[in-house]
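**Student:** Below you will find the structure I want to go over with you.
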Amino acid sequence: MKVKLQEDVLKNQNLAASFNRKTFNAHHLFVVNLMSSPGAGKTTLLEETVKALKQEYTIGVIEGDLATERDALRLRRLGVATVQINTVGGCHLDARMVAKTLPEFDLKEIDLLFIENIGNLVCPSSYDLGQGKKVVILSVPEGNDKIPKYPVMFKRTDMTVINKIDLLPYVDFSLVQAEADLATINSEARLMSVSAQTGEGMEEWLDWLREGVKSCKEQ
Ligand SMILES: Nc1nc2c(ncn2[C@@H]2O[C@H](COP(=O)(O)OP(=O)(O)OP(=O)(O)O)[C@@H](O)[C@H]2O)c(=O)[nH]1
Ligand SMILES: [Mg+2]
């Protein structure tokens, strides 16, 4: 289905978020807004997720970056419909940018749509894209202080994924501390630990996505 966008929707962030949400719900589409610092592993996690789930689901990806098409190319190489947004300096995606990409997708065919946000732990947390779930990735080389230092991001997300746990023996990061800090800030948020590189912990992540797709299909 091609989505017709009204001009006032494209002018207003909140209208666009509500438009996106209605569109996603109408298509029973599970949409994940993926956020993190630069380099925490968003695209790597997406690549591994696509490899694991592409036989089960039709997946789409919206890639957000300040510049270049590099992340979109990484996903397209795996055969996934991917649209790149370049914000040309903007530090976050907003719902209008996402709305403009929707006509590029065959939404009635897609089960699972990922939106990879711009890499930073501040601005993306304040913008509703109309997604189903917000996920933040924290990678262990970033250090244990990031949850208390960037509380808004961790407070407003449904799931925190600790990535690069293969590096735990080499860096000063405690999973127990991360769990305690998250519980203080957001007692509702889920936490899981993965290595997108080795595959450790990926089954729990994939099962969480499967649950999300299933519950959207049932709505
Ligand atoms: N050791 C290790 N390296 C990882 C893991 N996941 C990703 N990386 C590496 O981390 C670097 C950054 O990964 P990306 O997936 O590009 O990170 P990103 O969050 O998409 O980065 P931006 O889009 O620039 O914000 C790459 O060199 C990856 O190979 C992991 O689980 N373990
Ligand atoms: Mg990326």
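The values are calculated or read from the model by the stated rules, or taken from the named source; none is laboratory data. Bear in mind that the values here come from a model prediction, so they are computed numbers and not experimental data. Every residue, glycine as well, gets a Cβ built from its backbone with ideal geometry; the counts of neighbours run over all protein chains shown.
**Student:** Could you tell me how many of the residues in region 33-68 are of a type outside the set (S, T, N, Q) and assigned to a strand (DSSP E or B)? Outline the logic, then answer.
**Tutor:** Step one: list which residues in region 33-68 are of a type outside the set (S, T, N, Q), which gives 34-35, 38-42, 45-48, 50-54, 56-57, 59-67.
Filter once more, keeping what is assigned to a strand (DSSP E or B): 34-35, 59-65.
Counting residues in region 33-68 that are of a type outside the set (S, T, N, Q) and assigned to a strand (DSSP E or B) gives 9.
**Student:** Moving to a separate point now. Select, from V83, V122, V152, the only residue that is on the phi < 0 side of the Ramachandran plot, away from ligand 1 (no atom under 13 Å from the Cβ), touching a helix residue (DSSP H, G or I) at 6+ places or on another chain (Cβ under 8 Å) and free of Cβ contacts under 8 Å to residues at least 24 places away in the same chain.
**Tutor:** Numbers: V122 fails: free of Cβ contacts under 8 Å to residues at least 24 places away in the same chain; V152 fails: free of Cβ contacts under 8 Å to residues at least 24 places away in the same chain.
On inspection, the qualifying residue turns out to be V83.
**Student:** Name the residue that is surrounded by the most Cβ atoms within 10 Å (Cβ to Cβ), counting only residues in region 28-51 that are more than 14 Å from ligand 1 (Cβ to nearest atom) and over 13 Å from the mean Cα position of the chain (by Cα).
**Tutor:** My answer is L29.
**Student:** If I go through region 139-158 residue by residue, how many of them are acidic (D, E) and buried (at least 17 other Cβ atoms within 10 Å of the Cβ)?
**Tutor:** From region 139-158, those acidic (D, E) are 142, 145, 158; that's our starting set.
If we keep only those that are buried (at least 17 other Cβ atoms within 10 Å of the Cβ) as well, we get 142, 158.
The qualifying residues number 2.
A quick yes/no check of all residues on (1) over 20 Å from S36 (Cβ atoms); (2) at pLDDT 95 or above; (3) out of contact with any Phe, Trp or Tyr (no Cβ under 8 Å at 6 or more places or on another chain); (4) surrounded by fewer than 20 Cβ atoms within 10 Å (Cβ to Cβ):
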position	(1), (2), (3), (4)
I62	no, yes, no, no
R74	no, yes, yes, yes
T82	no, yes, yes, no
H92	no, yes, no, yes
A95	no, yes, no, no
K100	yes, yes, yes, yes
D106	yes, yes, yes, yes
D111	yes, yes, no, no
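**Student:** If N120 passes every condition in (1) surrounded by fewer than 23 Cβ atoms within 10 Å (Cβ to Cβ); (2) more than 13 Å from the chain's Cα centre (by Cα); (3) not hydrophobic (A, V, I, L, M, F, W, C) but one, which one does it miss?
**Tutor:** (2)
**Student:** Taking the residues in region 96-137 that are more than 16 Å from R21 (Cβ to Cβ) and in a helix (DSSP H, G or I) as candidates, determine which candidate is nearest to ligand 2 (Cβ to nearest atom).
**Tutor:** Among them, the one singled out is P124.
**Student:** When only residues in region 20-47 that are among the charged types (D, E, K, R) and within 13 Å of ligand 2 (Cβ to nearest atom) count, which is farthest from R77 (Cα to Cα)? Don't jump to the end; show me each part of the working.
**Tutor:** Of region 20-47, the ones among the charged types (D, E, K, R) are 21-22, 42, 47.
So of that shortlist, the ones also within 13 Å of ligand 2 (Cβ to nearest atom) come out as 42, 47.
Working: K42: 16, E47: 10 Å.
Filtering first and then ranking leaves K42.
**Student:** Could you tell me which numbered condition D106 fails, if it satisfies all but one of (1) under 21 Å from E47 (Cα atoms); (2) touching a residue at least 60 places away in the same chain (Cβ under 8 Å); (3) touching a Pro at 6+ places or on another chain (Cβ under 9 Å)?
**Tutor:** (3)
**Student:** Additional query: Find the residue count for region 181-202, including only residues that are under 18 Å from L46 (Cβ atoms) and more than 15 Å from ligand 1 (Cβ to nearest atom). If you could, list the steps in order and put the result at the bottom.
**Tutor:** Taking region 181-202 and keeping what is under 18 Å from L46 (Cβ atoms), we get 192-202.
Applying the additional criterion that residues be more than 15 Å from ligand 1 (Cβ to nearest atom) yields none.
Adding up the residues that qualify gives 0.
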